[in-house]
1. So in the range 38-60, with the set limited to residues that are more than 22 Å from residue 76 (Cβ to Cβ) and either in contact (Cβ under 8 Å) with a residue 24 or more places away in the chain or among the acidic types (Asp, Glu) (or both), which one is most open to solvent (accessible area, probe 1.4 Å)?
2. Does residue 32 satisfy the condition of being on the phi < 0 side of the Ramachandran plot, of a type in the set (A, V, I, L, M, F, W, C) and surrounded by fewer than 17 Cβ atoms within 10 Å (Cβ to Cβ)?
3. Of all residues in the range 162-180 being assigned to a helix (DSSP H, G or I) and small (Gly, Ala, Ser), which is surrounded by the fewest Cβ atoms within 10 Å (Cβ to Cβ)?
4. Which residues, counting only those in the range 3-18, are at pLDDT below 90 and surrounded by 12 or more Cβ atoms within 10 Å (Cβ to Cβ)?
5. Is it the case that residue 51 is modelled with pLDDT of 90 or more, among the aliphatic types (A, V, I, L, M) and not in a helix (DSSP H, G or I)?
6. Applying the selection to the range 133-161, what residues are assigned to a loop (DSSP other than H, G, I, E, B) and either at negative phi or surrounded by 15 or more Cβ atoms within 10 Å (Cβ to Cβ) (or both)?
Amino acid sequence: MTSTTPRGGPDRREQRRIATRERLLTVALELFATQGYAGTTYDHIAARADVGRQTAFNHFRRKEDFVAAWIERRHALMDQRAAADTAAGRPAAQALADVLRELSDLMAEEYTLAKGLFDGGVLQAVFGSGTGTPRAILATVERGQAAGEIRRDADAEAVADLIADAYVTAVGRWLAAGGDHSLTDTLLARLDVLAAGFAA
C-alpha cells in the first residue's frame with residue numbers, strides 16, 4: 001500500500017490536530033478579550049470552537065497554556081521577521097530594532113487582550129513561568145557577533161535575555177499606565193542604552 005502523505009509533511013491526522021489546536025487558541029483569545037480571562041471557562045472555549053470539552057483539555061492542559069501559546073505565536077512571527085532581515089543583510093542593531101517594533105505593533109493591535117491579561121495578573125505569571133527569550137533575538141545577536149557588529153566576548157544568551165527583559169518590563173509599565181505613551185519609542189530607547197554596552 002502506497003502512502004499519500006508527502007515526504008516530510010504532516011499526515012491528515014496531524015493536520016487536523018494542528019487545525020483544531022489553532023482554532024481553540026484563536027477562540028480562547030477572542031473570549032479572553034471580550035469576556036475576560038476569569039470569565040472564560042473551558043466549556044465556553046469548547047462550545048465556541050465546536051469541539052468537546054475533553055478535546056480542549058487535550059490540547060491545553062491549563063488555561064495559562066493558551067496565553068503561553070499566544071506568546072509563542074508571537075515568537076514565531078519574530079522568527080519570520082529575523083529571517084527576512086538576515087536575507088536582506090540588515091545590520092544586527094537594525095534587525096533588533098525591527099523585532100522590537102514588530103512586537104510593539106502586535107501589542108498595540110491586541111491591546112484589549114493584553115491589558116485584560118495584565119490586569120488579571122495572568123500575563124506576568126506566564127512571563128514569570130519561563131516563556132523564554134524569543135529565538136529571533138538570540139539568533140540576531142549571534143549573527144551580529146559573527147559579523148563583528150556585537151562584542152564576541154559578550155555571552156549571546158545574556159545579551160538576548162537583557163533585551164527580552166527590557167521588553168517585558170517596558171510592556172508591563174505601558175499596560176499599567178493604560179498605554180498612554182509610545183511603547184515603540186520606549187523600547188528603542190532601551191535598546192540604544194543596551195547597545196552602548198554590547199556593540200563592538
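1. For the range 38-60, the residue satisfying everything is 50.
2. The answer is no for residue 32.
3. It comes out as 176.
4. Within the range 3-18, 5, 10, 11 meet the criteria.
5. In short, yes.
6. 133, 134, 147, 149, 151, 152, 153, 154, 155
Yes/no matrix, rows are residues, columns are (1) within 30 Å of residue 101 (Cβ to Cβ); (2) of a type in the set (Lys, Arg):
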position: 14; (1), (2): no, no
position: 23; (1), (2): yes, yes
position: 27; (1), (2): yes, no
position: 37; (1), (2): yes, no
position: 41; (1), (2): no, no
position: 50; (1), (2): no, no
position: 55; (1), (2): no, no
position: 67; (1), (2): yes, no
position: 78; (1), (2): yes, no
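The values are calculated or read from the model by the stated rules, or taken from the named source; none is laboratory data. For clarity, every value in this text was computed on a predicted model and none was experimentally measured. Virtual Cβ from ideal backbone geometry, glycine too; neighbours counted across all protein chains shown. Keep in mind that these areas ignore ligands, DNA and RNA; they rest on the heavy atoms of the full protein, side chains included. Shrake-Rupley method; radii C 1.70, N 1.55, O 1.52, S 1.80 Å.
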